[in-house]
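Colleague: To start, I am sharing the structure in question, which I have written as structure tokens.
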């Protein structure tokens with residue numbers, strides 16, 4: 001039996017569907033009818049539930065409820081009807097798979113003063129927490145994404161969002177994080193974190209996203 005554990009957020013439905021189709025395609029190509037795959041849909045870490053489509057030549061089943069399982073016993077056979085299983089059963093069946101999963105991404109939102117590269121006092125306090133988290137992980141990638149509000153012109157805001165992202169990068173480097181683990185991006189006013197009209201002074205858009213994965 002090959003257990004497959006899926007946590008598929010709403011924005012990831014298509015990706016999960018394509019990954020599973022690729023796996024089932026390998027069954028079709030190999031002609032292996034004795035392999036049995038168990039597939040379970042679980043909720044995301046934030047409690048959200050997407051949906052997962054399991055398809056073979058024999059038919060398909062759609063999972064939309066958490067902790068539901070189907071089994072696939074051959075490329076020509078339809079997947080079994082979904083059944084509800086307990087968390088204890090999930091831990092038993094998928095224990096090794098769960099241990100092998102990478103840690104969930106963690107997102108920090110660091111806010112800045114108006115027209116400035118200086119963080120708010122509260123956001124500054126998160127830097128030690130970010131450093132601690134990164135150092136606890138055996139390997140991780142850090143994405144730093146700068147934004148601005150929509151006041152001012154495009155060129156100015158692009159420079160400002162770049163400088164804000166750079167300020168966070170420099171703070172992490174000063175804390176001992178290696179440059180090779182950091183990806184830097186910035187969008188100026190072109191991709192506000194909170195959608196607004198033009199020339200809107202929105203404090204929530206004076207932000208840098210730090211994604212640790």
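Colleague: Consider only pairs whose beta carbons are under 8 Å apart and that are at least six residues apart or on different chains; among these, list those whose first residue lies in the range 77-95 and is more than 20 Å from residue 61 (Cα to Cα) and whose second residue is assigned to a helix (DSSP H, G or I).
Modeller: 91/98
Colleague: Restricting attention to the range 123-157, which residues are under 17 Å from residue 190 (Cβ atoms) and part of a loop (DSSP other than H, G, I, E, B)?
Modeller: Across the range 123-157, the qualifying residues are 147, 148, 149, 150, 151, 152, 153.
Colleague: Suppose we filter the range 101-122 for residues that are closer than 19 Å to residue 69 by Cβ and assigned to a helix (DSSP H, G or I); how many remain? Full working, then the answer.
Modeller: Of the range 101-122, the ones closer than 19 Å to residue 69 by Cβ are 101.
The next check asks that each one be assigned to a helix (DSSP H, G or I); those that pass are none.
Counting residues in the range 101-122 that are closer than 19 Å to residue 69 by Cβ and assigned to a helix (DSSP H, G or I) gives 0.
Colleague: Tell me yes or no: at least one residue of the range 179-193 is in a helix (DSSP H, G or I), surrounded by 14 or more Cβ atoms within 10 Å (Cβ to Cβ) and at pLDDT 95 or above.
Modeller: Initial filter on the range 179-193 (in a helix (DSSP H, G or I)): 179-181.
Keeping just the survivors that are surrounded by 14 or more Cβ atoms within 10 Å (Cβ to Cβ) gives 181.
Imposing the further condition that a residue be at pLDDT 95 or above reduces the set to none.
No; the residues of the range 179-193 include none that is in a helix (DSSP H, G or I), surrounded by 14 or more Cβ atoms within 10 Å (Cβ to Cβ) and at pLDDT 95 or above.
Colleague: Would a scan of the range 41-61 turn up a residue that is part of a loop (DSSP other than H, G, I, E, B), free of Cβ contacts under 8 Å to residues at least 60 places away in the same chain, under 22 Å from the mean Cα position of the chain (by Cα) and assigned by TED's automatic domain parsing to the domain that holds residue 194?
Modeller: Of the residues in the range 41-61, the ones part of a loop (DSSP other than H, G, I, E, B) are 43-51, 57-58.
When the remaining residues are screened for being free of Cβ contacts under 8 Å to residues at least 60 places away in the same chain, the result is 43-51, 57-58.
Going one step further and asking which of them are under 22 Å from the mean Cα position of the chain (by Cα), we end up with 43-51.
Subset that is assigned by TED's automatic domain parsing to the domain that holds residue 194: none.
Taking every residue of the range 41-61 in turn, none turns out to be part of a loop (DSSP other than H, G, I, E, B), free of Cβ contacts under 8 Å to residues at least 60 places away in the same chain, under 22 Å from the mean Cα position of the chain (by Cα) and assigned by TED's automatic domain parsing to the domain that holds residue 194.
Colleague: Residues that are crowded, with 18+ Cβ neighbours inside 10 Å, in contact with a helix residue (DSSP H, G or I) (Cβ under 8 Å, 6 or more places away or on another chain) and outside any helix (DSSP H, G or I): does the range 158-176 have at least one?
Modeller: no
Colleague: Kindly indicate the residue of the range 69-100 that is in a strand (DSSP E or B) and more than 25 Å from the chain's Cα centre (by Cα) and also nearest to residue 210 (Cα to Cα) among those meeting that condition.
Modeller: The initial filter retains those residues of the range 69-100 that are in a strand (DSSP E or B), namely 69-72, 83-84.
Okay, now just the ones that are also more than 25 Å from the chain's Cα centre (by Cα), so 71-72, 83-84.
Working: 71: 39, 72: 39, 83: 39, 84: 37 Å.
It comes out as 84.
The values are calculated or read from the model by the stated rules, or taken from the named source; none is laboratory data. Since this is a predicted model, take the numbers as computed values, not measurements. Backbone-built Cβ (ideal geometry, glycine too); neighbour counts: all protein chains shown.
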